[in-house]
Amino acid sequence: MKSSDNMEQVEQRLVTIQKQIHDACEKVNRSSDDITLIAVTKQVSSARAQSLLDVGIKDLGENRLEGLLEKQETIEDPVNWHFIGNLQTRKVKELVDTINCLHSLDRMSLAKEVHKRASKPLDCFVQVNVSGEESKSGITPDEVDVFFDQLAAYENIHVIGLMTMAPNTDDESIVRNTFSSLRKLRDKIAAKGLSYAPCTKLSMGMSNDFTIAIEEGATHIRIGTALAGSESEETE
Ligand SMILES: *Cc1c(COP(=O)(O)O)cnc(C)c1O
């Protein structure tokens, strides 16, 4: 498949999303320059990922090692690679030096392994399960302080911020509360001024809730279906 097959459709989606980002930023007096748009390509082919790069996307997100490596093999353009999925400790070795940013640091054993395997400090988000849903990964808000204290031992971990996923619900107030709670936690940690964890960023917001996330302070939004589309659509 030629990458141009998808370009027009992808470009239209990108324009729509950029407009939504712009409007959300304007609403709360933020600059859209402060938002990093990560296109999540976990559901689409390397060709579709390529067409995203062709229309100007610089950041791609994957949630599985296999998907990440497959795209890295086929894509030659420079990309900021984000790993956004649950990461098994045994897969760290193969993954760690191929990515620019890990969004799913959620346990000390993972921090230890990343520290051990990385050849240089890796930018990470600590994933927090703000909503307390059992299906979601992440440390609890109560664990955050101790977790950050313990990270001091691992100099290859450089925490740039916190990450969360909001519950999948139509109730906007629940989603908004989840994001604003993460922001408050972020502010608390950033105020400590830890050299290994400046923690000034917020990775939150997906296709269904990214405008709310931006209003609540997101700096990194992770958008899959609304931008990259999905596999079923690709093979139509
Ligand atoms: C899949 C995924 C996304 C993107 O989800 P969409 O709803 O398709 O935008 C964002 N973040 C994580 C952690 C994901 O697994």
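Computed quantities for the displayed model
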| item | result |
| --- | --- |
| Among 209, 170, 34, residue whose mean-square fluctuation peaks in a GNM of the chain (springs only between Cα atoms under 10 Å) | 170 |
| Cα gyration tensor shape for region 13-147, rounded if a/c is under 1.5, else prolate or oblate | oblate |
| Eligible aspartates and glutamates near residue 58 by straight Cα distance, threshold 12 Å, same-chain separation 8 or greater | 77 |
| Nonlocal amide H pairs with residue 104, under 5 Å, H built at 1.01 Å | 125 |
| Among 135, 151, 110 - extreme Cα towards positive end, dipole of region 40-170, charges at beta-carbon | 110 |
| Solvent accessible area, Å² - residue 142, 1.4 Å probe, full protein context | 140 |
| Å² per residue, accessible surface of the chain at 1.4 Å | 48 |
| Residue-span extension gain [residue 32 to residue 16] - 0.36 nm each, minus C-alpha spacing | 4.4 nm |
| DSSP bridge pairs, region 3-229: antiparallel proportion in percent, nearest 5 | 5 |
| In order through region 217-228: 3J(HN,Hα) via Karplus (6.51 cos²θ - 1.76 cosθ + 1.60), integer Hz, x for Gly, Pro | x, 3, 10, 10, 10, 10, 10, x, 4, 5, 10, 7 |
| Separation in nanometres of the label points that stand 7 Å from Cα toward Cβ, at residue 181 and residue 88 | 3.0 |
| Helix-derived mean residue ellipticity, 222 nm - over the chain, DSSP H n ≥ 4, -39500 (n - 2.57), to 500 | -11500 deg cm²/dmol |
| Vicinal HN-Hα couplings computed from phi for region 185-194 (Karplus, 6.51 cos²θ - 1.76 cosθ + 1.60; Hz; Gly/Pro x) | 4, 4, 4, 5, 6, 4, 5, 6, x, 6 |
| In Hz, Karplus ³J(HN,Hα) per residue of region 99-110 (6.51, -1.76, 1.60; θ = phi - 60°; x = Gly, Pro) | 10, 9, 7, 10, 9, 10, 6, 9, 6, 5, 5, 6 |
| Cα gyration tensor, the chain - rounded (a/c under 1.5), prolate or oblate | oblate |
| Net lengthening on full extension, residue 135/residue 117 (0.36 nm per residue, minus Cα-Cα) | 3.6 nm |
| Debye intensity ratio I(q)/I(0), log10, region 4-81, q values 0.14, 0.18, 0.21 Å⁻¹ (C-alpha model) | -0.49, -0.75, -0.94 |
| Amide H contacts under 5 Å for residue 197, placed H, 5+ residues apart | 159 |
| The chain, accessible surface, carbon-and-sulfur percent (1.4 angstrom probe) | 44 |
| Computed accessible area, residue 40, all protein chains, 1.4 angstrom probe, square angstrom | 10 |
| Taking the chain and dividing mean pair separation by its residue count, relative contact order in percent (alpha carbons under 8 Å, at least six apart) | 21 |
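The values are calculated or read from the model by the stated rules, or taken from the named source; none is laboratory data. All values derive from a computational prediction rather than experimental measurement. FYI the Cβ positions are ideal-geometry reconstructions off the backbone, even for glycines, and counts take in every protein chain you see. When the accessible area is computed, the model is the full protein with side chains, heavy atoms only, and any ligands, DNA or RNA have been set aside. Shrake-Rupley method; radii C 1.70, N 1.55, O 1.52, S 1.80 Å.
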